[in-house]
Structures are given as structure tokens and as C-alpha cells.
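The values are calculated or read from the model by the stated rules, or taken from the named source; none is laboratory data. Keep in mind that this is a model prediction, so the values were computed, not measured. A quick note on method: Cβ atoms are made from the backbone with ideal geometry, for glycine too, and the neighbour counts reach across all protein chains shown. Ligands, DNA and RNA are excluded from the accessible area calculation, which covers all protein heavy atoms including side chains. Shrake-Rupley method; radii C 1.70, N 1.55, O 1.52, S 1.80 Å.
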Amino acid sequence: MFAVLILWFFGRNLDWQQVRQSLSQANPIYITLSVLIICLGYLLRAIRWQVLLEPITQCSLKELFATTTVGFAAIFLVGRAGEIVRPMWLPMRDRRVRPSAALVTLGLERIFDLASLVVFFAVNLLWLTPPVGREADFRYVEILGLLMLAALAAGITLLLIYQKRSDRFISWFTKLTDRTWIPKALQNAMTSILRQLSAALNVLRDWRETFWIVFWTLALWLAIAVPTWLVLIAFNLPVTFSDSLFIMGLAALSSVVPTPGGAAGAFHTATAASILLIKNEVKPEDAAAAAIVLHLVYFAPAIFFGLYYYFHGDISIERFRGLISSENAVEEIETDNPDFETETDRRRLTADH
């Protein structure tokens, strides 16, 4: 119902005949090229996920790519609730990966994504020229960018503190949750996640691994920023690459709205509004058409690959349904060995011997 309301808000004042005309005049070469680069972006996500998992366990790049596309297809179909698909799907594709390890590394993935997005958005504001008459509006946007940078710095600081003192924190958490009214399974699951988080954060202690995570993250967001720019110029919109970074930032922030269709409605409204904010001369119908195509470019490759792997994989749908139920998800996480041996530990032991 909420999604329908947002979609109505997006299209309530548009001349849909002009929207269709704008869609028909879009440059197909630019749009095709943008789709191909987005496909590369999903591969880059899989490569980065492999690096994030390395301190915990090894994993096949093929299975990571399949799981990534299935997960984003699920987000498009059911909304943000589809986030649970990836940490539960991967362990069925590669038995070396536990659900808690997949869950924790996906959490780190979101942190690196948010960090890159905030940096791209905030730094880009330094040389983004607001249109005449919109200077006051952009001051609020600049304040928002600074607040996001401050929150990002605080979050990274907390993660670094946790990484150094994780043993003490986990011990404190175990004592705090050792209550009769807290289910033992839930306590064990949360403790396992905290241990996996500590292991995953070991990448921050190795400058080479940190470098590669940052490298793949920046490459990934460039593989999103470039298609964004290509789609916009496919509609003959007078935008620069800097403008496209601003539009991408607001579009990405709107994608957290938990509506089906990949934040359908919210994404379109935010994208079209950001185009009109920085370009007064653009028609609302052209901005709307660009937002519709941009949304499809972002998600269409994931839907194609995701459905392919879904129907051609050897996954038991019954087991998957059982895994994503709350009780079984906790049970899967709880069964992780509390004294698990990370890949980092194994390398250290090998070197010692």
C-alpha cells in the first residue's frame, strides 16, 4: 500500500504521453553500455565479498556472484526483506561458509558501501555548482553531507575499537545476556555473530587486505556512477559527471525504503527530484523517464542472472524456506563452532611451524 502511495505521488502531475515520448527518444547505445557496466558491478561485488570472507573462510567466486545476483533479485521482488536471502543462500551454494560468516561480511559490505557513497557524495559537493536561485537549498544539502561524514567517522572509530577489544566485549556481552529469560539459542547466535565480526574485522589489521577492499569498493561505485551518467546523457540531459554523482547519491539513499520493486516509487521520486534540483531547465517528464530507465538499469541484470541461478541451481527450496524462518536461522547460526579457526589463524599457525 505504501509503495502504491509513493508511485502515485511520483506520477500524479506528469504528462505520461510526454514521458513515453522521452523514453522512445533515449539513446539505446548509452543505455546498453550502462547495463553492461552494471553487470561488471555485480562481479565486483562478488570479488569484494570474497576478500571480506578471506579472514574467515575460502569461497568460490562463481557461487558468490550467483548469490549476489539472487540476493539483489530478491530485493527487487520483495523489498529490503530480501536482504536475508544472501546470507542464507550462500551456505547452501558453498558449504564452507556458515550463515553467520555470510551475515557479518555482508554487514561489513554495507559499511564500506556507505562509506564510499558518503565520501563520493560529500566530496563532490565541494565543486558542484548549484543552479541560480537554489543556493539556499544546497546549503542544507552540504550540511547533510557533513553530518554523514561525521557519522561515518564515528562508526569506523567504533569498529576499530571493537576489533581491538572484541574478546573483552564478547565476554561482557555473554555475562550480560546470561539470563533465564533470554533463550540460550539466541544468546549463542548473537555471540557467534560477534565472534565472526571480530574475525572479519581482521582485514583492517592487514594493510594489503584493507587496500584491496577499498580498491574493489571504489571500483564498484565507479561502475555504478558511470552508468548513471550514461543513462542521463542518453536522455540528452545537460548534466556533468559531477551532477551524476549527486543524483546517484540521493538515489542510493532512497533505495533503503523497504518497498517492493527495489524501493519503487521512492527511488523514482528521489532521482527525478534530484535531477530537477540541479537542472532547472529539465522538464519533469524527462526527469521521470530517466529515473524509470535508471531504476531498470540498476536492477535488470540482477533479475536476469538471479532468476537463471534460481531455476538452474541445485538448491532445495524446502530447505531454503526452512533456513529463512526465524527459529531455523538462529539454529544455523548457533551451530557455528564457538572455537572456530579463521583463515588468518591457520596462516599464522602454518607460518609458526
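Please verify whether the range 11-28 includes one or more residues that are at negative phi, touching a His at 6+ places or on another chain (Cβ under 9 Å) and not aromatic (F, W, Y). Checked the range 11-28: at least one residue is at negative phi, touching a His at 6+ places or on another chain (Cβ under 9 Å) and not aromatic (F, W, Y).
Here L222 passes the criteria (1) open to solvent by 20 Å² or more (accessible area, probe 1.4 Å); (2) in a helix (DSSP H, G or I); (3) modelled with pLDDT under 90 except the one numbered (3). Among the residues in the range 90-108, are any closer than 30 Å to V4 by Cβ and surrounded by 14 or more Cβ atoms within 10 Å (Cβ to Cβ)? The answer is yes; a qualifying residue exists.
One residue alone among V256, V203 is closer than 26 Å to Q50 by Cα and outside any helix (DSSP H, G or I), and that residue is V256. Candidates are the residues of the range 72-85 that are surrounded by fewer than 24 Cβ atoms within 10 Å (Cβ to Cβ) and of a type outside the set (A, V, I, L, M); the one that is modelled with the highest pLDDT is F76. Considering only residues in the range 145-156 that are under 21 Å from the mean Cα position of the chain (by Cα) and exposed (fewer than 15 other Cβ atoms within 10 Å of the Cβ), the one that is nearest to T210 (Cα to Cα) turns out to be I156.
Here V282 meets the list (1) among the aliphatic types (A, V, I, L, M); (2) on the phi < 0 side of the Ramachandran plot; (3) open to solvent by less than 10 Å² (accessible area, probe 1.4 Å) almost entirely, failing just condition (3). Assess whether R168 counts as being free of Cβ contacts under 8 Å to residues at least 60 places away in the same chain, open to solvent by 30 Å² or more (accessible area, probe 1.4 Å) and in a helix (DSSP H, G or I). Judged against the criteria, R168 is a match. When L201, L237, L220 are checked against the criterion of being touching a residue at least 60 places away in the same chain (Cβ under 8 Å) and within 27 Å of L277 (Cβ to Cβ), a single residue qualifies: L220.
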